[in-house]
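The values are calculated or read from the model by the stated rules, or taken from the named source; none is laboratory data. Computed from a predicted model, the values in this text were never measured in an experiment. Using ideal geometry, Cβ is built from the backbone for each residue, glycine included, and neighbour counts are taken over all protein chains shown.
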Amino acid sequence: MAQHNELGKKGEQLAVDFLLEHGYEILERNCRFAKAEVDIIAKKEGLLAIIEVKTRSTNDFGNPEEFVKPKQIQRLVNAVDTYIIENELEVEARFDIISIVKNGKNFHVEHLQNAFYHF
């Protein structure tokens, strides 16, 4: 497996661990809807949190969250609409980014809630 794929898998697991530690229930991982992949769908206190995980080995070229592009955001919104309709859910949804940067042997994890409003 390519090194960047391994880093991405490690980042997603760190994100799941982070969410669990903060009281989230993980509902889905790596869900595919049409052209979109939703990294994590989690729930906390009746709120559906749609999590995009961005992991980088360095932030020399920008913070990980800066790599979520408008087209990807639109695909995620459409995917989550489909997920909510197919599962007949009556919930409020929020789009978050978990930004992870490798710092030597450690990782810095940052949870940006309502992240799509920041772009």
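With respect to the conditions (1) modelled with pLDDT of 90 or more; (2) within 17 Å of Lys9 (Cβ to Cβ); (3) basic (Lys, Arg), Lys102 lacks only one, and its number is (1).
Every test in (1) surrounded by 12 or more Cβ atoms within 10 Å (Cβ to Cβ); (2) in a helix (DSSP H, G or I); (3) modelled with pLDDT under 90; (4) not basic (Lys, Arg) is passed by Val16 save one, and that test is (3).
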